[in-house]
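The values are calculated or read from the model by the stated rules, or taken from the named source; none is laboratory data. Remember, predicted model here, so these are calculated numbers, not experimental data. In this analysis, Cβ positions are derived from the backbone assuming ideal geometry, glycine residues included, and neighbour counts consider all displayed protein chains. Ligands, DNA and RNA are stripped out before the accessible areas are found, and what is left, the full protein with its side chains, is counted by its heavy atoms. Shrake-Rupley method; radii C 1.70, N 1.55, O 1.52, S 1.80 Å.
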Amino acid sequence: MKFICLTFLIIYGITDSRSEQYEVVGFVDPVFAVAGEDVILPCSVKPSISVEDMRVEWFRSDLKDSQLVHLYEDHEDGNAEQIESYRGRTELTHQELERGNASLRLSSVRVSDEGRYKCFIQSKSWYDDVTVDVSVEAVGRPPVITVDGFDDSGGLHLQCDSEGWNPEPVLEWLNREGVRLSSETTETHRNTDGFSVRHTITVYERNSKIHCRIRLRHHMLETQIITSNKRFNPGRTSIILISAVFVLVVIAGMLIAACVRKNRELGQLNNENRKIEREHDDLQKEKSRMQQECGRLQNVRSRIQQEMKTGKEDK
């Protein structure tokens, strides 16, 4: 009996020591992904052994309750509790599982995919995990410059907007010579689609090109606007606005007069129609009266004929 127990302990010790030799490994550095493209999240067992018979679980450890990204168990994928945004975008290659490679393929990467992932592998005798940080780079929309009015001194207010960037981009204004201009106000917001930025500036240069440039690592988008060589004149602009209002008032008056004339003509037509209807009713009444008179005359005629017939019979 002692020999059997001793043998069992030796076997268990050997098995346990072998189990401790395996570890789950990935990348130490973050994995960089580009929005819209596919990325591989590395995870494998070292030394290499098949993990086909094991449980492989990928989840987001940076989210509340460590939500499920992908699950492989009992030789099949079981993603009933998978995060909705990952549906149809995750894949484990079963041939690679035979080689101990449990790397996750994530397709059509989104900015919201950025975060910390954990690859957890478990067998009957051991388990281990590794953390993979994913950083997503997204190039946003080209900047749009809009004119936001002017001040009393003739300064032109410009506003530059762009959205869909990740990480936060650098927005800068430049003049024709490429000299950087200081933004007056800056706004930055972040949502699931990335960063949106807005900078404003007041320009006093005339007949000049003003550039709005956005940079992110190796990407750069730029838009330009050419300022007028004529100084803005608020008085002149007021005159133009007053003239425009006057023209609009005149046009509105003409339209109202036309509507009144049309309504008057329509009223006259309605009166004519009512007159015709009255005359038609009178004719119908006269027709009925004449029919009644004809009927009465027919009765008189019939009575006279009857009397004449009766007189002849008496003779």
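How many residues does the range 69-96 contain that are in contact with a Phe, Trp or Tyr (Cβ under 6 Å, 6 or more places away or on another chain) and open to solvent by 90 Å² or more (accessible area, probe 1.4 Å)?
0
How many of the residues in the range 80-101 are touching a strand residue (DSSP E or B) at 6+ places or on another chain (Cβ under 6 Å) and either within 18 Å of Val130 (Cβ to Cβ) or of a type in the set (Phe, Trp, Tyr) (or both)?
5
Determine which member of the set Asp161, Asp152 is in a strand (DSSP E or B) and among the acidic types (Asp, Glu).
Values: Asp152 fails: in a strand (DSSP E or B).
None of the others qualify; the one that does is Asp161.
Can you tell me which of (1) within 25 Å of Lys46 (Cβ to Cβ); (2) small (Gly, Ala, Ser); (3) open to solvent by 70 Å² or more (accessible area, probe 1.4 Å) is the one Gly100 doesn't meet?
Evaluating Gly100 over (1) within 25 Å of Lys46 (Cβ to Cβ); (2) small (Gly, Ala, Ser); (3) open to solvent by 70 Å² or more (accessible area, probe 1.4 Å) leaves (3) as the failure.
When you go through Ser50, Ser66 one by one, which is the residue that is open to solvent by less than 80 Å² (accessible area, probe 1.4 Å), touching a Phe, Trp or Tyr at 6+ places or on another chain (Cβ under 6 Å), more than 18 Å from Val136 (Cβ to Cβ) and not in a strand (DSSP E or B)?
Criteria check complete, one pass: Ser66.
Counting only residues that are open to solvent by less than 80 Å² (accessible area, probe 1.4 Å) and at pLDDT below 85, which one in the range 234-252 is farthest from Tyr204 (Cα to Cα)?
Val250
Determine which single condition Trp126 fails, assuming it passes every other condition in (1) surrounded by 14 or more Cβ atoms within 10 Å (Cβ to Cβ); (2) in contact (Cβ under 8 Å) with a residue 60 or more places away in the chain; (3) in contact with a strand residue (DSSP E or B) (Cβ under 9 Å, 6 or more places away or on another chain).
Condition (3) is where Trp126 drops out.
If you take the residues in the range 129-158 that are loosely packed, with under 14 Cβ neighbours inside 10 Å and among the hydrophobic types (A, V, I, L, M, F, W, C), which one is modelled with the highest pLDDT?
Taking the candidates together, the pick is Val144.
Do you know which of the residues in the range 53-63 that are more than 15 Å from Tyr127 (Cα to Cα) and not in a strand (DSSP E or B) is least open to solvent (accessible area, probe 1.4 Å)?
The qualifying residue least open to solvent (accessible area, probe 1.4 Å) is Ser61.
From Glu184, Glu177, Glu163, Glu168, which residue is touching an Asp or Glu at 6+ places or on another chain (Cβ under 9 Å) and open to solvent by 50 Å² or more (accessible area, probe 1.4 Å)?
Residue meeting the stated conditions: Glu163.
Can you give me the number of residues within the range 184-195 that are closer than 22 Å to Thr146 by Cα and free of Cβ contacts under 8 Å to residues at least 40 places away in the same chain?
7
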